[in-house]
Amino acid sequence: MKPWIVAFFVLQAAVMLFDEFYFHWRRGLPRWERIGHPIDTLSVLAVLGFSIYVEPTAKEIPTFALLTTISSFCVTKDEWIHAKLCGGFEHWAHAVLFLFHPILLLGAGWLWWTRERPILFLETALIGTFLVYQVTYWNFLWPNLKVER
């Protein structure tokens, strides 16, 4: 296994968690982001799920590349909203995440190709947990917390 891949997964997660728990909690998320961010997470899970359940062959590389490309474009879709709602520091964090995103997915591709599934299972479980948090907190808990403030 390549330690740089795990280190990169951890670095990307750290920036993502900072974005979530500093910026998002501070400003709140409008409806579109409460829907859009879980869609981004699902696009990553599609790549990871493919990597776990499909055997790596030359025939499957185009599908992996397509899923990775779709996910990489998907994560940029909210920038129209972010342009109106975010300050410069949050824009910078998003830019870093946009740079990291395809590298993260290429790292997953390397793990898929070398059949190093334990790390893929762990990454999938962690991102799946984050998806459950995103949907639950922002769509069920936060609206009620917002009213109570």
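The values are calculated or read from the model by the stated rules, or taken from the named source; none is laboratory data. Quick caveat: nothing in here was measured; it's all calculated off a predicted structure. Neighbour counts are summed over all protein chains in view; Cβ atoms, including those assigned to glycine, are modelled from backbone coordinates with ideal geometry.
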Test TRP80 against the stated conditions and say whether it is surrounded by 12 or more Cβ atoms within 10 Å (Cβ to Cβ), closer than 19 Å to PRO38 by Cβ and aromatic (Phe, Trp, Tyr).
-> no
The one condition ALA46 fails out of (1) surrounded by fewer than 16 Cβ atoms within 10 Å (Cβ to Cβ); (2) closer than 21 Å to TRP4 by Cβ; (3) touching a Leu at 6+ places or on another chain (Cβ under 8 Å) is (2)
Among LEU104, LEU126, LEU99, the single one that is among the aliphatic types (A, V, I, L, M) and within 16 Å of PHE64 (Cα to Cα) is LEU104
From the residues in the stretch 101-149 that are aromatic (Phe, Trp, Tyr) and touching a Pro at 6+ places or on another chain (Cβ under 6 Å), which one is surrounded by the fewest Cβ atoms within 10 Å (Cβ to Cβ)?
-> TRP113
Return yes or no: is LEU111 under 18 Å from PHE9 (Cα atoms) and without any contact (Cβ under 8 Å) to a residue 40 or more places away in the chain?
-> no
Any helices (runs of 4 or more DSSP H) falling wholly within the stretch 1-117 and containing at least 2 residues that are modelled with pLDDT of 95 or more and more than 18 Å from the chain's Cα centre (by Cα) = 61-74, 88-113
